[in-house]
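Here is the structure we will look at, set down as structure tokens.
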Amino acid sequence: MTQPAILVTRAIFPEVLVQLRQHFDVESNQDDVIWSPQELAQRLQGKAGAFMTGTEKVDAGLLARCGQLKLCANMTVGYNNFDLAAMTAAGVLGTNAPDVLTETTADFGFALLMATARRVTESEHFLRAGKWTRWSYDMFSGAEVHGTTLGIVGMGRIGQAIARRAALGFGMQVIYHNRSRLDAAVEASFNARYVGKEELLQTADHVMLVLPYSADSHHTIGATELALMKPTATLINLARGGIVDDAALAEALRDKRIAAAGLDVFEGEPAVHPALLTVPNVVLTPHIASATEGTRRAMAALAVDNLIGFLVHGKAVTPLNPEVLARAGA
Ligand code: DGY
């Protein structure tokens, strides 16, 4: 019996390809070439599924050219590369990889918060440049983290894992803003208080962004919001580029309107707004919040489970547009 054909769009653990080849005729990309939308569409010809990494745009234009496509399986929890409405209209299922990266990403949120507030990278650059000649009482004096107020925007699974660390590990007061309020029992488990966005920005000593990107969350933080924050505050973006207006942030950092920022994601990444590279009070990392080997393997395994589940057995594990499943009678 011929196996369904699938495309693996980017380089991945070799074991993942071995597993996929037991069920599918696999075209892979271990040289990790970044394909243009045209090339992606061309390589998707005749493919029933795609293993994706969250960077490939799946929109109406692509779908119109890929009539045999049934499933796009992201190995990431974020899925702003998918136009879900267009996928649903075309009868193409989208899946993502939630849960498996929650704790690792929350760990990194704290790494970025600590590095930003305590000026870890800025002071390391100073040391590496041979500028450290003596100890002094105010050298690289940073902001307190323990016992301060953390404002979390976006209180999904990752936001809650960060809130737990903040309350139980660092004795912080947690305030949060979200589309919907959490159950009282969940709020109580990390002593969190629901507030409006304005109050959060005005009150928090540290602001952490963990909300998904959509047209509605575009530039959730721009010049107006930055102006509301305390001049001593830090801002951490762990979510997606585009949630922060990076040009406005670079200006606020340059003018010391906020103390510092820690960014793992950027508008138009892998490009980084050039002004961000010129200010010292920002910690920059290349979208690595979920990057531990165990977690990246677990994320890939969930995408594999979705491909095998849906294309072989008719059942997906983490469907994003289950209407497609219902229509297919799965
Ligand atoms: C995700 O899973 O969405 C992370 O940002 C990794 O891309």
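Throughout, read-outs are computed from the coordinates displayed, never taken from laboratory work. Small disclaimer: the values here were computed from a predicted structure and weren't measured. Positions of Cβ are backbone-derived with ideal geometry, glycine not excepted, and every protein chain shown enters the neighbour counts.
Contour minus end-to-end for Ala291 and Gln30, with contour as 0.36 nm per residue of separation and end-to-end as the Cα-Cα distance? Display every interim value, and only then the final one.
On the way: separation 261, 0.36 × 261 = 93.96 nm, distance 1.85 nm.
Additional length available on full extension: 92.1 nm.
Which whole-number percent gives the relative contact order of the stretch 102-284, counting Cα pairs below 8 Å spaced six or more residues apart?
In percent, rounded to a whole number, it is 21.
What ranking, highest mean first, results for peptides 46-57, 271-282 when packing means the other Cβ atoms within 10 Å averaged over each residue?
With the highest mean Cβ count within 10 Å placed first, the list reads 46-57, 271-282.
What's the center-to-center distance, using Cα atoms, between the stretch 12-83 and the stretch 107-162 in Å?
37
Among all the lysines, which ones have a C-alpha under 30 Å from Lys47's C-alpha, if same-chain residues fewer than 8 places away are not counted?
Within the straight-line limit of under 30 Å, Lys47 reaches these lysines: Lys57, Lys70, Lys315.
What do you get for Rg/Rh of the chain when both radii come from the Cα atoms and Rh is the Kirkwood radius? Before the final figure, lay out the partial values.
On the way: Rg = 21.7 Å, Rh = 21.3 Å.
With Rg and the Kirkwood Rh in hand, the quotient comes to 1.02.
Shape of the stretch 131-235 from its Cα gyration tensor (a ≥ b ≥ c, root eigenvalues): rounded if a/c is under 1.5, otherwise prolate when a/b > b/c, or oblate? Kindly include the intermediate steps, with their values, before the conclusion.
Working: a/c = 2.32, a/b = 1.46, b/c = 1.59.
Taking the square roots of the gyration eigenvalues as a ≥ b ≥ c, the stretch 131-235 is oblate.
Projected onto the charge dipole of the chain (+1 at Lys/Arg Cβ, -1 at Asp/Glu Cβ, origin at the Cα centre), which of Ile175, Met208, Thr295 gives the Cα projection farthest towards the positive end?
Final value for the positive-end residue is Thr295.
Can you give the helix-only mean residue ellipticity at 222 nm for the chain, where every DSSP H stretch with n ≥ 4 adds -39500 (n - 2.57) and the sum goes over all residues, rounded to the nearest 500 deg cm²/dmol?
Helix contribution divided over all residues of the chain: -10000 deg cm²/dmol.
Take the chain, connect every pair of alpha-carbon atoms lying under 10 Å apart with a spring to form a Gaussian network, then pick out the residue of Tyr137, Tyr194, Tyr79 with the largest mean-square fluctuation.
Tyr137
What order, most packed first, do the peptides 238-245, 128-135, 65-72, 178-185 have when packing is the mean number of other Cβ atoms within 10 Å of each residue?
Ranking the peptides 238-245, 128-135, 65-72, 178-185 by packing returns 238-245, 65-72, 178-185, 128-135.
Counting Lys and Arg as +1 and Asp and Glu as -1, what is the net charge of the other residues whose Cβ lies under 15 Å from the Cβ of Pro319?
Local net charge: 0.
Give the lysines whose C-alpha is closer than 27 Å to that of Lys230, dropping any in the same chain fewer than 8 places away, or say none.
Lys197, Lys256
Using Cα pairs under 8 angstrom and six or more residues apart, how large is the relative contact order of the chain, in percent?
18
When the chain is fully extended, how far beyond the present Cα-Cα distance does Leu127 get from Ala86, taking 0.36 nm per residue of separation?
9.6 nm
Using alpha-carbon pairs under 8 Å, 6+ residues apart, how would you state the relative contact order of the stretch 1-149 in percent?
16
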